[in-house]
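The values are calculated or read from the model by the stated rules, or taken from the named source; none is laboratory data. Being a predicted model, the structure only gives us computed values, none of them experimental. Note that each Cβ is placed from the backbone with ideal geometry, even for glycine, and that neighbours are counted across all protein chains shown. Accessible surface areas use protein heavy atoms only, side chains included; no ligands, DNA or RNA. Shrake-Rupley method; radii C 1.70, N 1.55, O 1.52, S 1.80 Å.
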Amino acid sequence: MFEIMVAVRYLIDEKKQTAFIILACAVGVAVMVFLYGLISGLQASLIDRTLGSQPHIVSNAHKEKPRSIVRSDDKTTVIGSESRGFDRPQYILDWKQKISSIENIDGIVAAAPHLRGAALVKRGDIARSVMMNGVDAESFGRIIPVKKKIINSKIARTVEKRTSLQSLSWMETNSQLLVALRSQSSSSYMIQFFVMVAVALGIASVLIVSVVQKRREIAIMLAFGTARRQIVKIFLYQGAIVGFTGSVIGSVMGTALAEFFRSISRNPDGTPQFPIEIEPLTYMIMILIATLVGLVSAAMPAKQASKVDPATVIH
Amino acid sequence: METVISLRNIKKSYGDKVKTEVLHGIDLDINKGEFCALIGQSGSGKTTLLNIMGLLDKPTSGTIVLFGKQIENASIDEIAAIRGRTIGFVFQFHHLIGAFNALENVMMPMMAATGGLATKAMKERARYLLDAVGMSDRLTYKPDEISGGQRQRVSIARALAMDPKIILADEPTGNLDTVMSNEVFSLLRKINSEQKTSFLIVTHDTKVASSCDRTVEIVDGKLV
């Protein structure tokens, strides 16, 4: 407690310096929160839109596999195979049974039959080919509004195993979208990482200056019996306090910034283009990270402080 | 007579390649309740000697015995703890901690020793000490709000905080005018006679030296 008390008093005493590093840390965290809110909101809305119009898992009857004309053996190598001329319609004849077995799988909320086929529409002399989709209105209606719980590929595999139908999750059918989202996320992590590095360097440099300014006071504290590890703690706590306070302020700033950004980027009809979703856990993680960054960036100044030699400094 | 601190054949040299010996084998005993002056010209080694006696610096060779205990082999933090409990310092410049008021400055050594916050007992002791040095009306003043003489009084109160056995004072009146200087000096004498605290006072001032019980002179790293 002695060390925390001294750390706090030192920070309060150096008002301007402290305000600057806390502000630097707050701006850094605000950028992180804003970026996180923006990207996760954007991604959630994209996934939402994608999933709003399609089921999470689509199961089909197996397509007929292409057959080779000649069998491969030791002497012959087959380099060509017969390709199918057209999609032969495949039917799931026992679909009622399959649906009830799919519905029993853990994680499945709803399942519905879907019949799809080609058709011709003719009016007068003009004929057009169309795709016919047949759904069961009641059960299909239960699938499309299901958005919140996103079903993953693992469940698709379970469906496949239990029903021997070829099943693809939405993650597989939209893999390109997901790859794009993932690389967007990783680039945002990179930005966040470098923002934190910049914040750490800021905290470290201000604390180094503070150690130099306080050399005499450190020496006198050592002279009246303060242990070197106590001196180390005083500076480590300063870093952690700056990181914590800065990140709390930064969280508020970042949220406000994100809300502001959302309010200016609206659809033509006035609705916000995307939601900004920041969960309480995210704030807690950001604050934890910033506090740790503060602590780590104080390590060098703290070490420097503990090396002050009272014999040479005091007189 | 009980010996507070005893130095035997203390040598100190600086430099790695070219060694400069500053102290050439010092033997010195300070007894309980003694009020002793250490005089010497600048460069004579008196500050080095004071640092070594105050356990702020280590001798190159020789032994230091504090209350019959040899202390060279103690770790750096153990030495800090021993120093905190047995030795008080008063320096030429006040060396108070700027962020803390007078009362808190006096409590600092006590808080450092326990590692905790100020207790009621600490506050009472700090008040008592500040009252003893005539600073009871300046308890909440910060160092930059009081005069040089007042700061030195607060420093003295702080030096007494842990009830040390010996106080090492380096030119305690060197930075003060004659009136203040006399006040501070008589305060040190008063503490000495009332609490039987030993003093070693480094001074240039022959008047100060002559009013001490004993004068030790150091010339070129040797006591004469």
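Before moving on, here are some points about what is shown:
- All positions within the range A:250-264 that are within 22 Å of the chain's Cα centre (by Cα), of a type outside the set (D, E, K, R) and either at pLDDT 85 or above or surrounded by fewer than 21 Cβ atoms within 10 Å (Cβ to Cβ) (or both): A:GLY250, A:SER251, A:VAL252, A:MET253, A:GLY254, A:THR255, A:ALA256, A:LEU257, A:PHE260, A:PHE261
- Failed item, numbered, when B:GLU217 is tested on (1) out of contact with any strand residue (DSSP E or B) (no Cβ under 6 Å at 6 or more places or on another chain); (2) more than 30 Å from A:VAL6 (Cα to Cα): (1)
- Scanning the range A:267-305 for residues that are in contact with a Gly (Cβ under 6 Å, 6 or more places away or on another chain) and at pLDDT below 85, we see that the one that is most open to solvent (accessible area, probe 1.4 Å) is A:GLU277.
- Put simply, of A:GLN54, A:GLN97 the only residue that is in contact with a helix residue (DSSP H, G or I) (Cβ under 7 Å, 6 or more places away or on another chain) and either modelled with pLDDT of 80 or more or surrounded by fewer than 14 Cβ atoms within 10 Å (Cβ to Cβ) (or both) is A:GLN54.
- Matching residues, the range B:91-112, being more than 7 Å from chain A (Cβ to nearest Cβ) and either within 18 Å of B:PRO164 (Cβ to Cβ) or touching a residue at least 24 places away in the same chain (Cβ under 8 Å) (or both): B:GLN92, B:PHE93, B:HIS94, B:LEU96, B:ASN101, B:ALA102, B:LEU103, B:ASN105, B:VAL106, B:MET107, B:MET110
- Any hit, the range A:305-313, residues being within 19 Å of A:LEU201 (Cβ to Cβ) and either assigned by TED's automatic domain parsing to the domain that holds A:ARG49 or touching a helix residue (DSSP H, G or I) at 6+ places or on another chain (Cβ under 7 Å) (or both): yes
- Residue in the range B:55-79 that is farthest from B:PRO172 (Cα to Cα), counting only those that are within 8 Å of chain A (Cβ to nearest Cβ) and touching a residue at least 24 places away in the same chain (Cβ under 8 Å): B:ASP57
- Failed item in (1) open to solvent by 20 Å² or more (accessible area, probe 1.4 Å); (2) assigned to a loop (DSSP other than H, G, I, E, B); (3) in contact (Cβ under 8 Å) with a residue 12 or more places away in the chain, with B:ARG127 passing the rest: (2)
- Filter pass, B:ARG125 being more than 8 Å from chain A (Cβ to nearest Cβ) and over 16 Å from the mean Cα position of the chain (by Cα): yes
- Scope the range B:156-206; condition open to solvent by 30 Å² or more (accessible area, probe 1.4 Å) and under 18 Å from B:LEU55 (Cα atoms); matching residues: B:MET162, B:ASP163, B:LYS165
- If only residues of the range B:130-149 that are assigned to a loop (DSSP other than H, G, I, E, B) and open to solvent by 20 Å² or more (accessible area, probe 1.4 Å) are counted, the one that is farthest from the other protein chains (Cβ to nearest Cβ) is B:GLY134.
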